[in-house]
Amino acid sequence: MRTIQRRTFMKGSLAAAWAAAHSRAQAADAQTADAASPASVTLTPPMLQIPAPTSMGVAWGVATLSTGFVDLGTKADLSDARRIFAGDGGLRALDSAALAVRLTGLTPDTTYHYRTGTIPVDFRGAYKILPGEATLSEAHTFRTPGPASPSTFAVINDTHENHPAIARLAAKIDTFGPAVTVWNGDTCNHLDQMPTMIQTLLNPGKCGLAVSRPVLFTAGNHDYRGALARELPRLLLTREPTERESPYWTLGRNYALRQGDLALLGLDTGEDKPDWRGEWGGLAQFGPYRELQARWLADALERPEIKTAPFAVAFCHIPLFDDSPKANPGDLAEGYASWQRQCHDLWSPLFERHGVQLVIAAHTHKFRFDAPRAGRAWAQLVAGSGCDTKPGRELTVIEGKASGRRLTLKVHELNAGAVLGEFTFEARKERT
Ligand SMILES: [Fe+2]
């Protein structure tokens, strides 16, 4: 018989205890949570994902088959907390890798306090399910985005499972404290071992990267590779279907978010070789996926809160052009993309029409800035890498901040302790 370690607060049936003694349990939780060690049933700190004005995702890695919940309130002691369980419909979640809760019904521009609870479940059979006791995480805070939120962001990319490098990036981000971190693809090399995936995706840098500052994830080519690539949404969440129009229910990776004066637009360039290449074994269909994103983008750019944002910045992993005639546009029979021609041709006209000022890309591990020019009104900033820690290589984090009528981008390079570039953008023309 398996013994489940009991570390915290509730006795007996958790559900019954919760229904019968909510306020008493809350008080007990608050007193005992600090003494509990969540390490036995949780593998990672909570990770905030896909912030939205009225919703927020929370996911965390678990060590054993578990269900779980998030306690959410506006008071620091969580005395006004409501408890939201992971799961859909009539069943609560039961997962041996990660648990996730989408918190909904939130108020924009508001600070919330939360903690996670993890309940190990000894599932012996259809009629013999033995829940353990809940282990609580520490309490953390987050702020929902909205027009009054800070107009700030950070960008990291191409971290490729390098935890020490990510820890350095995270420490740098803490020095300027943006509202949100964009994780611009290639979190991994490939996805084929769940224990590694849990650490890579939910514990990057092993430093609590996103316990209080949410992550906006835009997928890179490597994030689609490996036998477990289709398990990625268990860890890095997609948006709920109810958070997008029905023609776009399959586009869970795209986002159009108003963050202060910024409209942040997330696009997915997909794999770095065409769908028909033999490497994919007939399992790739990124072509129509990119086309559908263009239709979504056209609608998203018309949304009032996006249209009225003084600044519009798009994020995608693979650059959208490269002036070198030798650069591979991602639709050739050989090699791999250093830019993505199909995405450029689909999305660039929309950037032009709606005054998107900047595309921030990744993928090449080499910083460059392409200023606007005749025929292309938008700039492209290609970041360095998030995993190259050797002297002379580029370990970069981008700091973005809008203040007054000006957006400033600063590209920090951590190996040399230098700033590779600083770029400013005027507010776009008022759009009604
Ligand atoms: Fe890449």
Original post:
From the list LEU235, LEU228, which residue is farther than 25 Å from THR152 by Cβ, under 11 Å from the mean Cα position of the chain (by Cα) and in the same structural domain as THR181 (by TED's automatic domain parsing)?
Top reply: LEU235
Subject >> Out of GLU426, GLU430, GLU352, sole residue that is touching a strand residue (DSSP E or B) at 6+ places or on another chain (Cβ under 7 Å) and surrounded by fewer than 21 Cβ atoms within 10 Å (Cβ to Cβ) >> reply: GLU426
Original post:
Could we say that LYS326 is out of contact with any strand residue (DSSP E or B) (no Cβ under 7 Å at 6 or more places or on another chain) and closer than 22 Å to GLY260 by Cα here?
Top reply: no
Original post:
For region 307-322, how many residues are under 21 Å from the mean Cα position of the chain (by Cα) and surrounded by fewer than 20 Cβ atoms within 10 Å (Cβ to Cβ)?
Top reply: 0
Original post:
Within region 139-158, is there a residue that is at pLDDT 95 or above, within 16 Å of the ligand (Cβ to nearest atom) and part of a helix (DSSP H, G or I)?
Top reply: no
Subject >> Residues of region 261-277 satisfying the condition of being part of a loop (DSSP other than H, G, I, E, B) and not small (Gly, Ala, Ser) >> reply: ASP261, LEU267, ASP268, THR269, GLU271, ASP272, LYS273, PRO274, ASP275, TRP276, ARG277
Original post:
Can you name the number of the only condition in (1) in contact with a helix residue (DSSP H, G or I) (Cβ under 6 Å, 6 or more places away or on another chain); (2) on the phi < 0 side of the Ramachandran plot that ALA148 fails?
Top reply: (1)
Original post:
Could you say which residue among ILE119, ILE129, ILE84 is without any contact (Cβ under 8 Å) to a residue 12 or more places away in the chain and either surrounded by fewer than 19 Cβ atoms within 10 Å (Cβ to Cβ) or outside the structural domain of THR238 (by TED's automatic domain parsing) (or both)?
Top reply: ILE129
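The values are calculated or read from the model by the stated rules, or taken from the named source; none is laboratory data. Just so it is clear, the structure is predicted and the values come from calculations on it, not from any experiment. Note: ideal-geometry Cβ built from the backbone for every residue, glycine included; neighbour counts use all protein chains shown.
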